[in-house]
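Below is one structure, written out as structure tokens; the observations come after it.
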2 protein chains.
Amino acid sequence: MLTSLARMATTEALTVQEAADTTGWSPRMLRYIERAGLVVPPRSASGYRLYGAAELQRLRTLRELLDAHDVGLAEIGFASRMRTEPHLARDVDGWLSATATRPAEVPADDWLRWEQAKHTRLLQHPEPTPTN
Amino acid sequence: MLTSLARMATTEALTVQEAADTTGWSPRMLRYIERAGLVVPPRSASGYRLYGAAELQRLRTLRELLDAHDVGLAEIGFASRMRTEPHLARDVDGWLSATATRPAEVPADDWLRWEQAKHTRLLQHPEPTPTN
DNA sequence: GGAACCTTGACACGACCGTGCTAACGTCCC
DNA sequence: GGGACGTTAGCACGGTCGTGTCAAGGTTCC
């Protein structure tokens, strides 16, 4: 609307609904995203969220990020944790670096089978049927 | 039991139940963990899971990892994804590096408030009460 | 050949994720 | 002062996570 355009020109900040309109997120999700600590807009004196150009950009790229790869807000929230908690990052990376159960005595075709299964990031299609 | 000890000495591999007993996980969880691609033991000709020393060690350290920090299997599964999918890692790290909505015009105490909120990894205690 | 184990598959369940909607109440602005 | 909008809190709902349990069927081994 004209009002929003006017305010944008003057105060350089949008309200939730306006930000929602220009980013494709719903107001509900904008609050949720804030809650997850991913995009936290400043507030007006009376508590209104004020989305500036920076936040809008961030929201759009966030959407692209989620759409591109199959990830959720929780996941990138976790990634964020990994950078702010070096303690955590060290342990997790350390564990993952331990070359998971070195596959030396694996029959080679079995290896291949579970290797593919592993690439289906988590549970998905079951079909393995254990050769019985 | 004696049986398991005997087999361990000879074939160097434990069955699910035995592995469960020595690692503290339940058999159910061992299968779940395998499904998540975190610890995948080789199989016997007839399909039995064979947990060797490497897997057992891995299972114990995994437990420590989860207990130490507040993380779940899904999370470290995601961390694993980050290392095997550089495409993903690049995008996520890139997004996080964008110093989230530079807090220049934030009233400094507000900043502090949402900064702490962010550290409650995701939703938790609500109390903020927006200064109204 | 039978007991004790293994396998997969499924139901169940509480907790959280992602989302929408409604309620109750404050703010903005004409 | 009233309407359009903001704020939070809450219910709801399908989906996933982390678990347990139980069923149906193969294996091991005495």
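The values are calculated or read from the model by the stated rules, or taken from the named source; none is laboratory data. For clarity, every value in this text was computed on a predicted model and none was experimentally measured. Cβ coordinates were reconstructed from backbone atoms using ideal geometry, including for glycine residues, and neighbour counts include every protein chain displayed.
Numbers for the structure displayed
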read-out: B:I76 being among the β-branched types (V, I, T) and assigned by TED's automatic domain parsing to the domain that holds B:A89; value: yes
read-out: Any pair with Cβ under 8 angstrom, 6 or more apart, that starts in the range B:13-42 at a residue that is away from chain A (no Cβ under 12 Å) and ends at one that is among the small types (G, A, S) and not in a helix (DSSP H, G or I); value: B:L14/B:G52; B:A20/B:S26
read-out: Of all residues in the range A:43-87 being outside any helix (DSSP H, G or I), more than 12 Å from DNA strand C (Cβ to nearest atom) and more than 18 Å from A:T23 (Cβ to Cβ), the one that is farthest from the other protein chains (Cβ to nearest Cβ); value: A:E85
read-out: Any hit, the range A:12-25, residues being charged (D, E, K, R), modelled with pLDDT of 95 or more and part of a helix (DSSP H, G or I); value: yes
